[in-house]
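The values are calculated or read from the model by the stated rules, or taken from the named source; none is laboratory data. Remember, predicted model here, so these are calculated numbers, not experimental data. Reconstructed Cβ throughout: ideal geometry from the backbone, glycine too, with neighbour counts over all protein chains shown.
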Amino acid sequence: MRKEILITGGAGNVGGALARNLILDADIRVTILDNLSTGSISKLPDSKYKNWNFINADVNNFGDISAIMTSVNFDYVFHYAAVVGVERTLLNPKSVLNDIDGIKNILDLSKNTGVKRVFFSSSSEVYGEPVEIPQTEHGTPLNSRLPYAIVKNVSEAYLRSYQQMYGLNYTIFRFFNTYGPLQSDDFVITKFIKQAMNEEDITINGTGLQTRTFCYIDDNIEATTNCMNDDYYINDVLNIGSDHEMTILELAQLVIKVLDSKVNIVHQPALKEGDMMRRQPDITKMKTIMDRDLISLEDGIKRVYLNFKNG
């Protein structure tokens, strides 16, 4: 029996990769919704596949999303639409807060149209500055005050409430930095690679001693699709990322090494807010549903570089 799947934010880095993966199964039909405020048509699947369609619409507009969800009986919804990027979200706090409308619209329509499960892209930002390392799904407090993180936290509460009241199942993915060949240039890995390729100095905000972990897009997609295909972590939360922690300065040095570049590293003023000093997830849950080791950061950088190089 064919599965009908809706992906909001499906023209983004992660949403687009998810769509391109799902349509490889001829028994799945994917509807991709995106208002293209940050997404791009270039991230949509190849037109040679006929089991998908794209709708330019805004999930925060009830009229837009209700027309779509009442015309197709979706089995699963991946709600990935959101304003993303630290600087972008800081500059557009009202737009970020509007995303609360999106989760309410998705949940109201899902509970009334027979959706089996809603998958939600939350974020590592909900943890704020860590009070423990590694950050665990049910042990680490959610303490960020930034609008983006607050919206993600509120959205998680909506999911739990709708499950309790209406029996609508969910899975919450807390994404830690996910990168890949189609990520936009204002995210750190693609920015560093493009700077090195163009023989420009690599620019770092602040000291560069803030730490992050980086998850290659293929690892993200395998873990999240396994959750759907094999009924993992129903009504639960799991971190999606890598547990290899490194400083941003070390990342810049690794990019220079992998690309055999001669560029310099230049420090710029630190961001006023939103640039947490440490971040490292506990990915025990994620590892239980993966059939292989995660892709190393060095290998991932090579893949992104070769994609850029070969056009």
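The table below gives the values:
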{"item": "Subset of region 68-114 that is in a loop (DSSP other than H, G, I, E, B), hydrophobic (A, V, I, L, M, F, W, C) and under 19 Å from Asn177 (Cα atoms) - its residue that is farthest from the chain's Cα centre (by Cα)", "result": "Val83"}
{"item": "Criterion: under 21 Å from the mean Cα position of the chain (by Cα), assigned by TED's automatic domain parsing to the domain that holds Asp275 and within 21 Å of Asp243 (Cα to Cα) - qualifying residue of Thr136, Thr190, Thr225", "result": "Thr190"}
{"item": "Count - residues of region 247-276 that are within 25 Å of the chain's Cα centre (by Cα), among the small types (Gly, Ala, Ser) and under 12 Å from Ile202 (Cβ atoms)", "result": "1"}
{"item": "Selected residue (only one of Thr207, Thr247 is surrounded by fewer than 15 Cβ atoms within 10 Å (Cβ to Cβ) and touching a residue at least 12 places away in the same chain (Cβ under 8 Å))", "result": "Thr207"}
{"item": "Selection status of Asp231, assigned to a loop (DSSP other than H, G, I, E, B) and either acidic (Asp, Glu) or free of Cβ contacts under 8 Å to residues at least 12 places away in the same chain (or both)", "result": "yes"}
{"item": "Filter result for Asp219 (within 16 Å of the chain's Cα centre (by Cα), more than 23 Å from Lys111 (Cβ to Cβ) and assigned to a loop (DSSP other than H, G, I, E, B))", "result": "no"}
{"item": "Criterion (surrounded by 21 or more Cβ atoms within 10 Å (Cβ to Cβ) and in the same structural domain as Leu91 (by TED's automatic domain parsing)) met by exactly one of Asn169, Asn220, Asn143", "result": "Asn220"}
{"item": "Qualifying positions in region 1-38 - assigned to a loop (DSSP other than H, G, I, E, B) and surrounded by 19 or more Cβ atoms within 10 Å (Cβ to Cβ)", "result": "Gly9, Gly10, Ala11, Gly12, Ile23"}
